[in-house]
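Here the structure is laid out as structure tokens; the discussion comes afterwards.
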There are 2 protein chains.
Amino acid sequence: MPDKKKISRRKFVTASASAAALSCLTLPRLAGAAAGDAGGERANARPSSSASVASDWKEQGIENLSKSPYAKLRNIPVHAVTIQSGFWAARREINVTKSIPSMHDLLETNGRMNNFRRLTGKSNEPQRGPVYSDSDVYKWTEAVGFALQSGDRPEIRAMAERAIAEVVAAQQSDGYLNTYYVGEKASQRMQPQVQTTGHELYCMGHFLQGAIAYYRATGDSKMLDAGIRFVDDFLVPGYGPAPKKPVVSGHPEIEMGLIELYRITGDKRQLDLAGYILQGDSRIALPEYRTIYMFSGTPFTARTKLEGHAVRAMYACCGSTDYYLETGDAAYWKTLNTLWDDMTKTKMYVTGGVGSRSDGEAFGDAYELPNYLAYGESCAAIGNFMWNWRMLAVTGDAKFTDVMERALYNGINSGMSLDGTLYCYRNPLAFDPAPGEKIRNTWYDTTCCPPNLERTFAALPGYFYSTSKDGIYLHFYDNSELNWHLEDGTGLRVTQKTKYPWDGSVEIAVTPSQAAEFTFFLRIPGWAEHARVSVNGEALSGVKQGEYLPIRRRWSPGDVIHANFEMSSQVIEANPHVIDDMGRVAVQRGPLVYCLEGIDQPAGTVLTDVALDLTDSSGERFQDEFRSELLGGTVVLRQAGVVYERERSDDSLYSRYSAAPLRSRRIPLTFIPYYAWSNRQASSMEVWTPLLRS
Amino acid sequence: MPDKKKISRRKFVTASASAAALSCLTLPRLAGAAAGDAGGERANARPSSSASVASDWKEQGIENLSKSPYAKLRNIPVHAVTIQSGFWAARREINVTKSIPSMHDLLETNGRMNNFRRLTGKSNEPQRGPVYSDSDVYKWTEAVGFALQSGDRPEIRAMAERAIAEVVAAQQSDGYLNTYYVGEKASQRMQPQVQTTGHELYCMGHFLQGAIAYYRATGDSKMLDAGIRFVDDFLVPGYGPAPKKPVVSGHPEIEMGLIELYRITGDKRQLDLAGYILQGDSRIALPEYRTIYMFSGTPFTARTKLEGHAVRAMYACCGSTDYYLETGDAAYWKTLNTLWDDMTKTKMYVTGGVGSRSDGEAFGDAYELPNYLAYGESCAAIGNFMWNWRMLAVTGDAKFTDVMERALYNGINSGMSLDGTLYCYRNPLAFDPAPGEKIRNTWYDTTCCPPNLERTFAALPGYFYSTSKDGIYLHFYDNSELNWHLEDGTGLRVTQKTKYPWDGSVEIAVTPSQAAEFTFFLRIPGWAEHARVSVNGEALSGVKQGEYLPIRRRWSPGDVIHANFEMSSQVIEANPHVIDDMGRVAVQRGPLVYCLEGIDQPAGTVLTDVALDLTDSSGERFQDEFRSELLGGTVVLRQAGVVYERERSDDSLYSRYSAAPLRSRRIPLTFIPYYAWSNRQASSMEVWTPLLRS
């Protein structure tokens, strides 16, 4: 059990000897905070008895829900889970050794760090990059922070330390920090028009998330203190209800940052400001198209559907769920569920990607889910993942985890190349290389997605388990070891041994520090049609796909759960309203959505001439084979298909069709997981394959 | 033969008695122009011997190519052709009696006319509508102008006279005219940034086109003179090569306007300015994405593909072809053909629509032709039509007329409802009413398309024929009578009797004023696979689809051409690169592309579950039937199909597909012409229908 030190808001307090004595901490502002808050705002502060910092930073999960009144589930710290050799370990190691360092170098060579140095006289370079470029540095810092929460990595820690020093040095004496609205643009700071487009608060939201992740990794609060200065010295005193100046969230993100900060400081003004922003400031008049696009500026609780910029919408939903977790405001909960139904019933790709329109990087209409023209920004899939994580914390309902798994293994995992150096901004569900689009790139001038992917993979262990007052929830499967404790303090070790997602068998050793009665909530994935679960060899009843199986018993060291999720290939059809998927099916095996890449098919096969043949009911469908040498090791699926031979050979756009029966040939089709597409030479790809009908 | 009066540039000249004596003209500025130009710019003016105005206005076609050195074909005036009862007559009558008057009222009620009155103190209303709203008034005026060229219509003439008076009264003393950049915005006029987005020159281009059409209808040059004041007093002296101020065409349109004005005035400075604009002004630095979007700002002759905003691109191509028609600059011709090939081989819908992306209302990549998400703005199809008209004038090549016919009968004709009061902005090739999109509307705040459609239908007779030094070209088929003359002055009457496009038989009586040898170039449509042509009952050889059949002979009164274009239904397939059309076919009969509307199919048929069955080779395919009561009278097509019965009935987005053979039922499918879709209750629609494959 961690050593708890009481602390409260940083203002109006004197240094606490006990906090200052903590050897590994350098908390000039946080360490300067202690219990004796005598200020007039104390009534607004979270009761100091439940607020703790000091060594507590090591206990905080991706979100610190330890005191959130409406959280059914509590996060565990990232370091409490060690992901061992298996599906995610390779991705995560490359993330730390390749992706994060190479992104550091790219942020340098593209002038993003010089933007800060310019403000401290260390660089003469002009400002570079779009208005939101600071956020990319902060998101990268967050990736490092989460990576370090799994154990020290001196190389990237040194990079982050240097970056943080450069960033913090650029902060102004009034707390303001942004490298774009400086010099002759300084007069535009936080002007209403700039708030809608200038991303100052978006950047600060990412600053806070980065600072908090780094603080939770190292205890180093240098960046966090700078964030607190921005919030407490500049933002909170200046912006909010009259007589303060108006405030609007041009790109939601600050809401999450403020609420997570509140979870550390207990300063309710931070939570209240997030709530104020979520309801919109009527003093800033905005055209309707703009509040739709921003998914902000009008009361969140008045929204009835997902629309506008997908990442903005997802981040607004994240912030609103955070707000609900702290306040229990029923109007938020109603809206969040309405929006979730709208998304999952009409606007989400089978990959978990969202935001189908490139126009405005936006949600389309219901069922508007084009494949070739899919946008599906990596950041939006991550936003979807993060939102469902918060919804899960409220409810413990596995339907949210199902969406998370779908997004994580498919629409998010596709966003980073297997070698960790190339990124997708958009994630189409079909692709033709002919027009020349390069789908994976090392760098985007708007480089939001790469560090977003990096922070997500780095944080992954923190998503594997949650605790509740009743016991422990297991959300995701991979070889791993949890070392943590139940909420009553009982130590608990859980080890998973599995080949998931290639195989659906998982052996879970449950080892409490002493025999104890609690519930082990075992997630039965929504796709697992024939799941079987046993404890110590004894089969359990009541196993239902898409639910947490509550295993209530007195657990003792040596107890073992065996879970088996039949991992046969499933053929998926879309709702008839999804025009682009009509006559087509997708193939899913376990959590993985599959696709056809042209390169894997018999030579000369034109993917658009192919249909999947499921008419032969003899024999096994979708023969699977694990190929260790392919794409980092992957199960491929094989199934019969036909390819139609075209008559025409000219290059005309339209021509007379003879209506003579097309000759077709039977060919074997080979499917690979969608996340692994576009990791070899440029090739055509499709997730939804036409189905041969007779 | 018209009475020709010499006239040259309006400046530095005194009134010509002969011009002033013309009874029906009120040409304060043009009538003030006469032969004696003593100014220093005379060297730049077109030789006055070839310039003629006065009664000449009655001889000018849609474009006045009478003196264009690189025009192989010359336009005939709109009034020279009377379209008689048949396919287009109904549309054109409704255009004049319903569409144009109702658009007048809508421009009033939406404050577009008050924008002008405000400047003359007659209105206190604030400016309404987007920055380009003036252009809609001008385009409507052009529609009236073209309508009046077919004969007087007092009601709409009175509307236009009043509107023109209001508009012209708002012109400033320096010639500038725009209702947006006034008052506190006046200082922004023609600033480089405003030129790229503010549409001042776009509006003036439409002003000139409207003024010219009205002038050619009535001889009333009040509006034209105001346009000349803008050009000669404000634009030409102020903008162009240094030391003049820089100029850029934020939305191409002014180029067409300036060149058509040059064709009236002979003032070469107008042509030169158009050419300068088409090459881009390097003093206005623009990011690449902007010059792509605008299809302007960089040398037109350096372009290699169609991209960016489709209407801008089409209008730029129109202006560039106009420039070529006057200058013969080979670099333009090369670029125009490159772009034409790019469009017709990779970027044009089967309906003749272009601009597939809603994002930026833009051309997509090659073969990016989605159906449900098709943009296909009505204005872009019209721009395509107008561009091909100009390419045709250069060459006399029927491949351009084929594109015009495709666009006219389908992607343009679909843009206006059959009752003439509702308009499509976008023209998708598939539609699902479920998300609630209303595809036809009376009014758009950006109401560019409705008056554009109105001017096109009003101008239609002017597109039916052209003359060349060798004789006459017949481009389009409908009951009609031409009363005009060959270029050598020989009078010529041509009457067409036909049920085109419902039937492919056309009887063409050719009646010269006296027997004369010339060539009658008869268009054989590209779709006409088995065309037969006879003269006075004698079959001609050498009939080739997609070419003009040159019938050279001594024509005498009483000669009759019989053309027969076999109008069987054709099944069309798309290039394999067009992903969205794979496994699908379109049906075309004559020039008309057909579609399925849900409302015409057996009750309960879900259109997306339907496939077309062409496997039965016995019996006639696509039985046609003319139904006089349906959609204003139309040929419907019937062909067998199947409908698949879905197993699922829930509203989930994705579900497990059983892979059991789907039950299917045979159903009769009924196709209607695409242009007539969405004229009844909201219904699903598709042009490209899945083909049953066995």
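Each reported figure results from applying straightforward, stated rules to the coordinates on display, with no laboratory input. Note that this is a predicted model, so its numbers are computed, not measured. Neighbour counts are summed over all protein chains in view; Cβ atoms, including those assigned to glycine, are modelled from backbone coordinates with ideal geometry.
Here is how the numbers come out for the structure above:
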{"quantity": "Segment residue B:665-residue B:529, length gained on full extension (0.36 nm per residue, minus Cα span)", "calculated": "45.6 nm"}
{"quantity": "For segment A:477-589, radius of gyration divided by Kirkwood radius, i.e. Rg to Rh on alpha-carbons", "calculated": "1.10"}
{"quantity": "Sorted peptide list for A:278-290, B:390-402, A:136-148, criterion being average Cβ within 10 angstrom, highest first", "calculated": "A:136-148, B:390-402, A:278-290"}
{"quantity": "Charge tally in the Cβ shell below 14 Å around residue A:671, where Lys, Arg are +1 and Asp, Glu are -1, residue A:671 excluded", "calculated": "-1"}
{"quantity": "Using a 7 Å Cα-to-Cβ projection, residue A:539 label spacings across copies, nm, ascending", "calculated": "8.1"}
{"quantity": "Vicinal HN-Hα couplings computed from phi for segment A:333-348 (Karplus, 6.51 cos²θ - 1.76 cosθ + 1.60; Hz; Gly/Pro x)", "calculated": "5, 4, 5, 4, 6, 4, 5, 5, 4, 4, 5, 6, 9, 9, 9, 10"}
{"quantity": "HN-Hα J in Hz across segment B:208-213 - Karplus 6.51, -1.76, 1.60, θ = phi - 60°, x for Gly and Pro", "calculated": "5, 5, x, 4, 5, 4"}
{"quantity": "Rounded to whole Hz, the Karplus (6.51, -1.76, 1.60) HN-Hα couplings of segment A:178-194, x for glycine and proline", "calculated": "5, 8, 8, 8, 10, x, 6, 8, 4, 5, 7, 3, 6, 4, x, 4, 5"}
{"quantity": "Amide H contacts of residue A:505 (H built 1.01 Å from N, under 5 Å, at least 5 apart or other chain)", "calculated": "A:499, A:565"}
{"quantity": "Efficiency of FRET from Cβ geometry, residue A:97 and residue A:606, R₀ 45 Å, rounded to 0.05", "calculated": "0.70"}
{"quantity": "Length-normalised contact order for chain A - Cα pairs under 8 Å, 6+ apart - percent", "calculated": "12"}
{"quantity": "For residues of A:431-441, the mean tally of beta carbons on other chains within 10 Å", "calculated": "2"}
{"quantity": "Inter-label distance, nm, simple model (7 Å from Cα along the C-beta direction), residue B:487/residue A:503", "calculated": "8.4"}
{"quantity": "About the Cα centre, charge dipole magnitude for chain B (Lys/Arg +1, Asp/Glu -1 at Cβ), debye", "calculated": "1300"}
{"quantity": "Cut-off 12 Å between beta-carbons: net charge of the residues surrounding residue B:334, Lys and Arg +1, Asp and Glu -1", "calculated": "-1"}
{"quantity": "Selection from B:626, B:514, A:111 lying farthest towards where the dipole of the protein assembly as shown points positive, charges on Cβ", "calculated": "A:111"}
{"quantity": "Segment B:240-376: radius of gyration and largest Cα-Cα distance (Dmax), Å", "calculated": "15.2, 50"}
{"quantity": "Residue-averaged beta-carbon neighbours from other chains (10 angstrom radius) around A:609-616", "calculated": "2"}
{"quantity": "Greater than 22 Å apart at Cα, pairs in B:58/B:222; A:305/A:334; A:72/A:499", "calculated": "A:72/A:499"}
{"quantity": "Burial order of peptide ranges B:552-559, B:259-266, A:525-532 (average beta-carbon count within 10 Å, highest first)", "calculated": "B:259-266, A:525-532, B:552-559"}
{"quantity": "Relative contact order of segment A:148-231, pairs being alpha-carbon contacts under 8 Å that are 6 or more residues apart, as %", "calculated": "38"}
{"quantity": "Rough spin-label spacing in nm, given labels placed 7 Å along Cα→Cβ, for residue A:540 and residue A:188", "calculated": "5.7"}
{"quantity": "Ratio Rg/Rh, restricted to segment B:374-491 and using Cα atoms, in which Rh is the Kirkwood radius", "calculated": "1.06"}
{"quantity": "Nearest-0.05 FRET efficiency for residue A:651 and residue A:680, computed from C-beta distance (R0 22 Å)", "calculated": "0.20"}
{"quantity": "Calculated SAXS-style log₁₀ I(q)/I(0) at q = 0.22 Å⁻¹ - segment A:70-215, Debye, Cα scatterers", "calculated": "-1.38"}
{"quantity": "Debye, to nearest 20: dipole size of segment B:496-574, +1 on Lys, Arg Cβ, -1 on Asp, Glu Cβ", "calculated": "240"}
{"quantity": "Dipole of segment B:350-459, positive end: most advanced residue of B:401, B:369, B:352 [Cβ charges, Cα centre]", "calculated": "B:401"}
{"quantity": "Shape call, segment B:454-511: gyration tensor on alpha carbons, a/c limit 1.5", "calculated": "oblate"}
{"quantity": "For segment B:46-149, radius of gyration divided by Kirkwood radius, i.e. Rg to Rh on alpha-carbons", "calculated": "1.09"}
{"quantity": "Mean Cβ neighbour count within 10 Å, used as a protection proxy, ranking A:452-461, A:240-249 highest first", "calculated": "A:452-461, A:240-249"}
{"quantity": "Neighbouring partner chain Cβ atoms per residue of B:574-587, average, 10 Å criterion", "calculated": "5"}
{"quantity": "Segment B:438-524, dipole about Cα centre (Lys/Arg Cβ +1, Asp/Glu Cβ -1), debye to the nearest 20", "calculated": "360"}
{"quantity": "Directionally averaged shadow of segment B:316-439, computed from the convex hull of its alpha-carbon atoms, nm²", "calculated": "8.2"}
{"quantity": "Enclosed volume per residue, in Å³, of the convex hull spanned by Cα atoms of segment A:258-298", "calculated": "55"}
{"quantity": "Placed amide H near residue B:475: partners under 5 Å, 5+ positions off or other chain", "calculated": "B:465, B:466"}
{"quantity": "5 angstrom amide H check on residue B:416, placed H, neighbours 5+ away", "calculated": "B:424"}
{"quantity": "Two-decimal ratio, chain B, of alpha-carbon radius of gyration to 2.2 N^0.38 Å", "calculated": "0.97"}
{"quantity": "Helical mean residue ellipticity (222 nm; -39500 (n - 2.57) per DSSP H run of 4+; nearest 500) of chain B", "calculated": "-9000 deg cm²/dmol"}
{"quantity": "Equivalent ellipsoid semi-axes, the protein assembly as shown, via Cα gyration tensor eigenvalues times 5, rooted, Å", "calculated": "64, 40, 24"}
{"quantity": "Euclidean distance of C-alpha centroids, segment A:206-281 and segment B:189-246, integer Å", "calculated": "53"}
{"quantity": "Segment A:243-348: relative contact order as a whole-number percent, Cα under 8 Å and 6+ apart", "calculated": "28"}
